[in-house]
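Just below is one structure, and these are the notes that go with it.
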Amino acid sequence: MVNTQSSQPLTVLIVEPFETIRTMIANVLNQLSNIVIIQSSNASDALEKLEYNDIGLIIAEWQLPTLSGIEFLKKVRTNTRTAKIPFVMTSATIEQSHVVQAIQCGVSEYVVKPFSSKILKSRLQRALTKPVRPCKEAPESTESTEQNNDLHVLIVDDVADNIKIISDILRKDYKIKAALNGKKALQICAKDPQPDIILLDIMMPDMDGLEVCRRLKDDPSTQHITVIFLSALEQTEHIVKGLELGAVDYITKPANPAIVKSRVQAHCRSIESNRLMRAQIDTMLENARLRDEFDSVNQTELVKPVADIKHSTSQLAANLHEPEKAQQYIDFIQQSCAALQLHVDSTASLNKIERKEYQFKPQKQNFTTVLKDALGHVSEIVKRKQIKVHNTENTDCHFNGEYAITHALLTHLLKNALEGTRSDPSIQLSATQNDKYMVFKIHNPDPVPEPIRGQFFDKFVTYGKPDHAGIGTYTAKLLTEIQGGFIEYRTDDNLGTEVFVSLPLA
């Protein structure tokens, strides 16, 4: 699991309030060679030990006395001396909010108790081999993660005093709604936000609780709502009927506060568990979609440059004795490598922008320099398609932004214009400035195809280019907007297409 060939032992700090669990973790670690173990029962003591020991791995529980495990993790990650130590969090709960917060704070692995020694070993292996993430914590929620304040409970009873009694028991932990009759209860259930749980009195005039339950369970839009009946002890027959209709539990009246809280809490745990499971499924599907997107983009954007490099290297080897021909292939290889580099850089920037993690660092830029380099990047397309490029940009234009992402967005737009030119092999470029922005314009004599005019800047939109991923204009849009600029276009069947990029002046 660890590098046992190293002469330096790995020092592991275990932070866990219960001695039995510390011992169990230590026993797992003792099966490995070249390990030194330090133990702490709380975070304050652990922070002291971090000051005087060269720790190579931390294993800490979420629920620690005085200072919580997540606060301990934050302190570890925000201290330059300890920021790069792999950190494994253990917890008896799998609340999604806890996991998300731990990930944002830079946890290496999150292990849910109880766990086997095999699971612990595999998680420690991953923690020690993958890069340590920095702390990127989002703003803390104003609501306690220990409460169910986002769960809605509807109390339905024709006696107002009964509603008040139960409301007083639950209102601290849940959002409470009330209804004095079945008709009103159904109206509340039909609107958002729907209640998660209904405490439903069985015996009510006009429409009793059994009828309300039947209607809720017959309606696909409300059948997921958890129903708990409120009943008198002698209503056993009605309780059985209610359970047959789809209710999950019952509470006898008069309501005992402890029983009401425990029953509702038990079913809320089930609701939260289902929510977490749905969130995990959504995350799995989203990850699968992102992998598919990544594979699709790489297949279309990487295959051609790699094939060109492979072909050019073989031609270069065959023409080494002819310097002029050899130089042409060297130039072509360099252009293909630049195309690969552009794709890698654009993808990295795009991913960070989409995750809202991009750190924008603007500086004064000369637009002529950036445009010249971008034109050099697409010179092979210009030469191959024999396109004339008319450039009338103002050489005094400067803007406030980043060279790399501006170079990428211009290259994407130039490639899009050049590859979309069909009727007249020429494009026109110009750059001017107004009071606030430097405005760059690309004119292509051909119009945008009708089917994609409303989706011109959308992701994965392409037309008539089966070997392209359709991310060029989408990428250009995001790279423009991250710099505080904006991008727009207009197209006409007779006048062609004009794309405008506005970037803030320096």
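The DSSP beta bridges internal to the chain are antiparallel in roughly 40% of cases. If R0 is 60 Å, the Cβ-Cβ spacing of residue 63 and residue 455 corresponds to a FRET efficiency of close to 0.75. Computed about the Cα centre, the dipole magnitude for the chain is approximately 960 debye when only Lys and Arg (+1) and Asp and Glu (-1) carry charge, each at its Cβ. Say R0 is 51 Å: what FRET efficiency, to the nearest 0.05, do residue 97 and residue 337 get from their beta-carbon distance? Working from the Cβ atoms, E equals 0.65. Take every Cα pair under 8 Å whose residues are at least 6 apart in sequence, average their separation, divide by the length of the chain, and the relative contact order is 7 percent. Per-residue SASA remark: residue 452, around 20 Å² accessible (1.4 Å probe; ligands, DNA and RNA not included). Summarised as an ellipsoid, segment 145-280 has semi-axes of 21, 17, 14 Å, derived from the eigenvalues of the Cα gyration tensor scaled by 5 and square-rooted, with the largest first. For segment 53-130, the fraction of C-alpha pairs more than 18 angstrom apart is 37%. Can you give me the Kirkwood hydrodynamic radius for segment 320-451, using every pair of distinct Cα atoms, in Å to one decimal? One decimal place: 16.5 Å for the Kirkwood radius. Look at the dipole of the chain built from charges on Cβ: of 456, 41, 267, the Cα furthest out on the positive end belongs to 41. By DSSP, the beta bridges lying fully in segment 330-453 are antiparallel in about 70 percent of cases. Between residue 42 and residue 54, the distance separating the two model label sites (each 7 Å from Cα on the Cα→Cβ line) works out to 3.0 nm. Once the 1.4 Å probe is applied to the protein heavy atoms, the chain comes out at 54 Å² accessible per residue. Since only 178, 189, 155 are under comparison, the one whose Cα sits farthest along the positive direction of the charge dipole of segment 152-194, derived from C-beta charges on Lys, Arg, Asp and Glu, is 189. The stretch between residue 119 and residue 20 holds 33.8 nm of extra length on full extension. This uses 0.36 nm per residue minus the Cα-Cα distance. Based on the Stokes-Einstein relation at 37 °C and a viscosity of 0.692 mPa s, and on the Kirkwood radius from alpha carbon pairs, segment 399-501 is assigned a translational diffusion coefficient of 234 µm²/s.
Dividing the C-alpha radius of gyration of segment 1-95 by 2.2 N^0.38 Å, with N its residue count, gives 1.04.
Past 24 Å, Cα to Cα, is the threshold; run 49/74; 361/415; 175/356 against it and keep the listed order. Pairs exceeding 24 Å: 361/415; 175/356. Based on the reciprocal of the average 1/r between different C-alpha atoms, the Kirkwood radius for the chain equals 28.9 Å.
Ellipticity at 222 nm from helices only: DSSP H runs of n ≥ 4 in the chain, each -39500 (n - 2.57), divided by the residue count, give -15000 deg cm²/dmol.
Past 29 Å, Cα to Cα, is the threshold; run 184/253; 84/304; 113/136 against it and keep the listed order. Flagged as over cut-off: 84/304. Across the accessible surface of segment 13-138, with the other protein chains kept in place and a 1.4 Å probe, carbon and sulfur atoms take up 54 percent.
The values are calculated or read from the model by the stated rules, or taken from the named source; none is laboratory data. Not measured: the values here are computed from a predicted model. Backbone-built Cβ (ideal geometry, glycine too); neighbour counts: all protein chains shown. Note: accessible area is taken over every heavy atom of the protein model, side chains too, but ligands, DNA and RNA are not part of it. Shrake-Rupley method; radii C 1.70, N 1.55, O 1.52, S 1.80 Å.
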